[in-house]
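Undergrad: To start, I am sharing the structure in question, which I have written as C-alpha cells.
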Amino acid sequence: MGGDALSRRRLLNYLAASPLLAGGGALAQELRTSDKLIAAPREALDVFDFEAVAHRNLAPAHFGYMASGVDGEVTLRANRDGFLKFQLRPRRLVDVGKLDTTMELFGETYGSPIVIAPIGSNAAFHSDGELAVSRAARNGNHLSMLSTVATLSIDDAIAARGRPVWFQLYPTDHWNVAEALARRAEKAGAGAIVVTVDVVARQNWETLYRLMRDDTRDCSACHQRTMKAFVQRKPNFDGIDIAGLTSTGHTTLTWDFVKRLRDTVKTRLLVKGLMTTEDAVLAVDNGLDGIVVSNHGGRVDDSGRSTIDALPEILKAVRGRLPVIVDSGFRRGTDIVKALAMGARAVAIGRPYLWGLAAFGQPGVERVLGLLQTELRAVMMQMGAPSLKALTPTLVRRA
Ligand SMILES: Cc1cc2nc3c(=O)[nH]c(=O)nc-3n(C[C@H](O)[C@H](O)[C@H](O)COP(=O)(O)O)c2cc1C
C-alpha cells in the first residue's frame, strides 16, 4: 500500500473510531468517512468536517497532542456521550423574529456565549497560531482566553483581539514565576486571570504517544524536552526568572495559593477545572469572581465524568453567586443550549477551533465559530428562546 493510501486508511480508521463523532445516523456516519475532505471553510457543514482536514495537514505527533485524552479516554468519550443524558423541551408559538445572542460578563458585552478556551502552543497547528485565533475572536466578538504556554504574548493577543483577553495561568511550582506571570497579565490589561487547577499528575496521553511512533521527523530539531527550553519558546515567560522551575503544574497546590493570588492581583480571578459542588462552594467562599467547569477536554483524569453531567449540581450549589463557564466536548448548538439553559453563562470550546486552525488558518477558525453560532441561533429559535436570558432550566430535562 502506498504512503497516501496508507495514511488515508489510517485517517478513515481514526475517524470511524473517533469518540468525537458521536451522533448522527448510520448513513451520516458513512458519508462522513467517505473519503471526501472539504477543500474550503465554506464547504463545512459542521465542525467535525475540519477534523479530517486537520488530520491530513498535521504531523502525526501534533495531531496526537491535540486529539489525545488521558489513559483509556473514558472521560474524553463521556464528554460527548454526556449530552445524550439530557434532552431539550422545545416551546412553540413564541416570537423569535428578533434573536439576541449577546452575552454579558463583568460589564463587557460579547456577540456570543461561545468562548475560546485557552490552548497552549497554537503554532503547532498553524504558523499564524494564536494570532489567527485572536483575530477570529475579534471578528465574531467572542471572549477569548490565552494560555500561559501560548506561542503569543498576552500583550500581542490583546492587540490582535482589540479588547481585553483573559489570561489562563498555570500555577507552576514556583510562586515567584506565577506571580510574575499574573502581574504581566494584569499590566497588559487582561480582563481576568483564570487559574487552571486540574493538572496535577503526569498526563498519560496514549493516543499522542502512539502517533508519535508514526512520526518520522526529529522532534528535537524544533523543540527540546527540557522545561527551560519549553518555556523559552513561550513569550509570556520572557524576562521572568525561571531558575529552578521544573513544572507548570503544582503537586502541592491548595486554596492557599488561590488566596495568595487573590491578595496579589486586582484583576478578576477565576479557577478552571472544577468538577464538584464542594470545590465550587469553596470557590465562592474564597472570593473568586467565577469558575470554569472543565475536565480539560478529557486530558487530565479518567474519572468518566462529563462536564455536562456535573454542571446542574454545581449550578445549584453556586446559587448564582458567581458566573459559571463550562467546557469540554461542546461541538453542537444543542450542546451549548443545554448548558446555557441549565444556567451556565457561557460555553468554551477547545479542539474544534484547533481543527479549523490546522485546516485553514484564521478563515477555518472563523468558520468553526460561525457554524457553532449559526447552530446556536437555530436551536434558540426552535426552543422559542429569543435571548440567552430566555434559555431557562425548564427547556432542558434529564433523559
Ligand atoms: C491541545 C490542547 C492544549 C490545551 N492547553 C491548555 C492550556 O494550556 N491551558 C488550559 O487551561 N487548558 C488547556 N487545554 C484545555 C482547554 O482549555 C479546554 O478545557 C478543552 O480543550 C475543552 O475541551 P474540548 O477540546 O473538548 O472542547 C488544552 C486542550 C487541548 C486539546
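Undergrad: Which part of the range 161-194 falls in the paramagnetic zone of T251, meaning amide N under 11 Å from the point 7 Å along Cα-to-beta-carbon?
TA: Label zone hits: none.
Undergrad: Same structure again: First measure r as the distance between the Cβ atoms of E206 and L282, then evaluate 1/(1 + (r/R0)^6) with R0 = 25 Å and state the FRET efficiency to the nearest 0.05.
TA: Plugging the Cβ-Cβ distance into 1/(1 + (r/R0)^6) gives 0.20.
Undergrad: Let me ask another. Which order do the peptides 254-262, 191-199, 219-227, 123-131 come out in when sorted by mean C-beta neighbours inside 10 angstrom, highest first?
TA: Those peptides, ordered most packed to least, come out 191-199, 123-131, 254-262, 219-227.
Undergrad: Largest first and in whole Å, what are the equivalent-ellipsoid semi-axes of the chain based on the Cα gyration tensor, each being the root of 5 times an eigenvalue? Mind showing how you got there, number by number?
TA: Details: eigenvalues 173, 162, 77 Å².
In descending order the semi-axes read 29, 29, 20 Å.
Undergrad: Pull up all non-local amide H partners of V115: gap of 5 or more, or a different chain, and H-to-H distance under 5 Å with H placed in the peptide plane.
TA: V347, A348, I349
Undergrad: My understanding is that a pair violates if its Cα-Cα distance is over 20 Å; which of K187/K228; K187/K266; K228/K259; K85/K389 do that in this structure?
TA: K187/K228; K228/K259; K85/K389
Undergrad: Pulled fully out, how much extra length does the chain show between A317 and D214, if you take 0.36 nm times their separation in residues and subtract their Cα-Cα distance?
TA: Separation in residues times 0.36 nm, less the Cα-Cα distance, equals 32.5 nm.
Undergrad: Name the residue farthest towards the positive end of the dipole of the chain from the options F257, A346, S247, assuming +1 on Cβ of Lys and Arg, -1 on Cβ of Asp and Glu, about the Cα centre.
TA: The listed residue farthest towards the positive side: A346.
Undergrad: Right, here's the next one. Take W205, W355 and sort them by solvent-accessible surface of the protein heavy atoms, 1.4 Å probe, largest at the top.
TA: W205, W355
Undergrad: Can you bin the range 288-392 into rounded, prolate or oblate? Criterion: square roots of the alpha carbon gyration tensor eigenvalues sorted a ≥ b ≥ c, rounded for a/c under 1.5, prolate for a/b above b/c, oblate for the rest.
TA: Since a/c reaches 1.5 but b/c is at least a/b, the shape of the range 288-392 is classed as oblate.
Undergrad: Under a point-charge model restricted to the Cβ atoms of Lys and Arg (+1) and Asp and Glu (-1), what is the dipole moment magnitude of the chain relative to its Cα centre, in debye to the nearest 20? Can you show the working numbers first?
TA: Details: 50 positive and 42 negative charges, 155 e Å.
So the magnitude is around 740 debye.
Undergrad: Here's a follow-up. Are there trypsin sites (Lys or Arg not before Pro) in the range 27-107 that DSSP marks as loop and that have at most 15 other Cβ atoms within 10 Å, and which are they?
TA: Hits after loop and neighbour filter: K36, R91, R92, K98.
Undergrad: Here's a follow-up. What whole-number value in Å² describes the accessible area per residue of the range 283-352 for a 1.4 Å probe?
TA: In whole numbers, the range 283-352 has 26 Å² accessible per residue.
Undergrad: While we're looking at this one, here's another question. Hey, can you grab everything whose amide H is under 5 Å from the amide H of K272? Only 5+ residues off in sequence or another chain; H modelled, so Pro and N-termini drop out.
TA: Those lying under 5 Å, H to H, from K272 are V195, T196, V197, V292.
Undergrad: What accessible area per residue, rounded to a whole number of Å², is obtained for the range 142-264 using a probe radius of 1.4 Å?
TA: 49 Å²
Undergrad: Restricting to DSSP loop positions (anything but H, G, I, E, B) with no more than 11 other Cβ atoms inside 10 Å of their own Cβ, which trypsin sites (Lys or Arg not before Pro) remain in the range 319-386?
TA: Here the trypsin sites (Lys or Arg not before Pro) that fit, given the DSSP loop and packing criteria, are R319.
Undergrad: Enumerate the calculated ³J(HN,Hα) couplings along the range 380-390 in order (Karplus 6.51 cos²θ - 1.76 cosθ + 1.60, θ = phi - 60°), each rounded to whole Hz, writing x wherever the residue is Gly or Pro.
TA: For the range 380-390, the Karplus-derived couplings read 4, 5, 5, 7, x, 10, x, 8, 5, 5, 7 Hz, x marking Gly and Pro.
Undergrad: Mind checking which aspartates and glutamates have their Cα closer than 15 Å to the Cα of K36? Skip sequence neighbours fewer than 8 apart in that chain.
TA: Hits, sequence-local ones excluded: D4, D46, D49, E51.
Undergrad: Round to the nearest 10 and report in Å² the accessible area of T252, as given by a 1.4 Å probe over the protein chains' heavy atoms.
TA: Here the residue's solvent-accessible area equals roughly 100 Å².
Undergrad: In whole percent, and with a 1.4 Å probe on the protein chains, what portion of the accessible area of the range 33-113 is carbon and sulfur?
TA: Summing carbon and sulfur atoms, their accessible area is 49 percent of the total for the range 33-113.
The values are calculated or read from the model by the stated rules, or taken from the named source; none is laboratory data. Everything numeric here is computed off the predicted structure, so don't read it as measured data. Note: ideal-geometry Cβ built from the backbone for every residue, glycine included; neighbour counts use all protein chains shown. Accessible surface is based on the protein model in full, side chains and every heavy atom, while ligands, DNA and RNA are left aside. Shrake-Rupley method; radii C 1.70, N 1.55, O 1.52, S 1.80 Å.
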